[in-house]
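None of the figures in this text is laboratory data; all of them are computed from the coordinates on show. Because the structure is a prediction, the values reported are computed rather than measured. Virtual Cβ from ideal backbone geometry, glycine too; neighbours counted across all protein chains shown.
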Amino acid sequence: MRENLPYILPAPQPQAEDTFAVYQTTHQFYYEVQKRSEFERYCQWYYETAEQNRQELKRMRGEVNIFSWFRRS
């Protein structure tokens, strides 16, 4: 049975191995580009949200604190 194995499963061609290597490199490149783009979008969202929160806090500090009227002792 072992002597028939090379005839059943031919060895992969060198050209196919090169093609697969190119495909794998291309896939890894696009995966890296996608992950970096997602991270960049997350950072942009985070900075925008932080700025909105700062502006909201600034507005809230300028408003009259109604609860302080009830806590006077």
### Query
All other residues with a Cβ under 14 Å from the Cβ of Val33 taken together, and with Lys, Arg as +1 and Asp, Glu as -1, what is their net charge?
0
### Message
Of Tyr46, Tyr31, Ser68, which is farthest towards the positive pole of segment 28-73's charge dipole, taken about the Cα centre with +1 and -1 on the beta-carbons of Lys, Arg and Asp, Glu respectively?
### Response
Ser68
